[in-house]
Amino acid sequence: MTMLGTGHAMVKECYNTCYVLHGDTQGGPLMVDGGGGNGVLRQLDRAGFDPKRLPDIFVTHKHVDHILGIVWMMRVIASAMNSGRYEGEARIYSHDQAIGMLDRMAEGLLQPNEYAQVGKRLHLVEVRDGEELEIAGRKMEFFDIQSTKAKQFGFRMTLASGTQVVCCGDEPCSAAGERYAKGADWLFHEAFCLKSQADAYKPYEKHHSTVADACELAERLGVGNLVLYHTEEQNLADRKRLYRAEGEPLFSGNLHIPDDLETLEID
């Protein structure tokens, strides 16, 4: 897992949360979310990924800090298809609301010959709550996190080794998601700030967790590895130390606080 970005919607010193799952023996790369702009292209370049070689993308929801970067990916992919520099087809997976928004944005913002690839070689694929698919050679099961802000899906992925990887999107794991996350080898979960910073950052008003909240949840669910992202940016230089100090007493598994462009071995 290479983190392209780790920050929440309004960050400026790092990129918005999105990442690429890659390198296991079962399947090709899978990109998850795209951040809020064409900065995703810079992050992919810095991480060594060619956007034209990322044929499978999953979008959790339609908030600007997750979906706008996908429009840029669509432009790059469609342009490469038109110029003969793209082999095969590309697929973007999400629920109906996000798929509909991507289609409307692509029609309104892309050049006509670029939009012409949508439905031809660039496919917008709707997934449903509880649906299981094989994507990039990996078994994935999707679930509605029951967000009250905007419809949002997470997923449970099974790697070739049998490792279970669960993504809860960018909100606290709900009761609906707990059955997917329970006992997971890896849980990707948001943590907006430290518990000691809650009065300043007001995470609960934004439907987010503190580090302590996420660690207590992961401990209760018996998770092996917890990855925290979608954070504030005021403590970037010292974030790992501060978040570990709050989280490790509450979580007996392995706690990971990645920086932008950091890679974690998850298999």
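Tally up the carbon and sulfur contribution to the accessible surface of the chain as a whole percent, 1.4 Å probe, everything protein left in place. Could the numbers behind the result be given before it?
Working: 5130 of 11100 Å².
With neighbouring chains kept in place, the figure for the chain is 46 percent.
Among 132-138, 190-196, 6-12, 29-35, what's the highest-first ranking by average C-beta atoms within 10 angstrom per residue?
Values: 132-138: 16.0, 190-196: 21.9, 6-12: 17.9, 29-35: 24.7.
Put in order of decreasing packing, that is 29-35, 190-196, 6-12, 132-138.
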Distance between the C-alpha centers of region 128-167 and region 207-233? Whole Å please. 18 Å
I need the phi-derived Karplus couplings for region 152-167: 6.51 cos²θ - 1.76 cosθ + 1.60, θ = phi - 60°, integer Hz, Gly and Pro marked x. 8, 10, x, 8, 10, 10, 10, 7, 4, 6, x, 4, 9, 10, 10, 10
Where Rh is the Kirkwood radius over the Cα pairs of region 115-267, the temperature 4 °C and the viscosity 1.567 mPa s, what D in µm²/s does Stokes-Einstein return? 79 µm²/s
Over the chain, with a Gaussian network built from C-alpha contacts below 10 Å, which listed residue (151, 202, 120) shows the highest mean-square fluctuation? 120
Tell me, what HN-Hα J-couplings in whole Hz come from the Karplus equation 6.51 cos²θ - 1.76 cosθ + 1.60 at θ = phi - 60° for each residue of region 169-183, using x for Gly and Pro? x, 10, 10, x, 4, 7, 4, 5, x, 4, 5, 7, 7, 4, x
Matching label for the computed Rg and Dmax of the Cα atoms in Å, out of (i) 19.4, 67; (ii) 18.6, 59; (iii) 17.6, 55, is (iii)
Can you list the residues, at least 5 places off or on another chain, whose amide H is less than 5 Å from the amide H of residue 139, using H built in the peptide plane? 158
Count the DSSP beta bridges whose two residues both fall in the chain, then state the antiparallel fraction as a percent rounded to the nearest 5. 45 percent
Run the helix sum for the chain: -39,500 (n - 2.57) per DSSP H stretch of 4+ residues, divided by residue count, reported at 222 nm to the nearest 500 deg cm²/dmol. -8500 deg cm²/dmol
Along the three principal axes, how long is region 1-100 when you take its alpha carbons, biggest first, rounded to the nearest angstrom? 36, 30, 26
How many percent of DSSP beta bridges within region 43-140 run antiparallel, rounded to 5? 25 percent
Cut-off under 25 Å on the C-alpha distance; same-chain residues fewer than 8 positions from residue 12 excluded. Which lysines are left, in chain and number order? 62, 149, 195, 202, 206, 240
The ³J(HN,Hα) series, computed from each phi in region 57-68 with the Karplus coefficients 6.51, -1.76 and 1.60 at θ = phi - 60°, rounded to the nearest Hz and given as x for glycine or proline, is 9, 10, 10, 6, 6, 9, 5, 4, 7, 10, 9, 5
Using alpha carbon centers only, region 1-41 is separated from region 57-125 by a whole-angstrom value of 16 Å
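Report the relative contact order of the chain, percent, no decimals, based on alpha-carbon pairs under 8 angstrom and at least 6 residues apart. Please list the in-between numbers first.
Numbers: 594 pairs, mean separation 47.4, N = 267.
Over the chain, the number comes to 18 percent.
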Charges only on Cβ, +1 for Lys and Arg, -1 for Asp and Glu: so what's the dipole of the chain about the Cα centre, in debye to the nearest 20? 460 debye
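The values are calculated or read from the model by the stated rules, or taken from the named source; none is laboratory data. Being a predicted model, the structure only gives us computed values, none of them experimental. Quick reminder, even Gly has a Cβ in these numbers, built from the backbone with ideal geometry, and neighbours come from all protein chains shown. Accessible surface areas use protein heavy atoms only, side chains included; no ligands, DNA or RNA. Shrake-Rupley method; radii C 1.70, N 1.55, O 1.52, S 1.80 Å.
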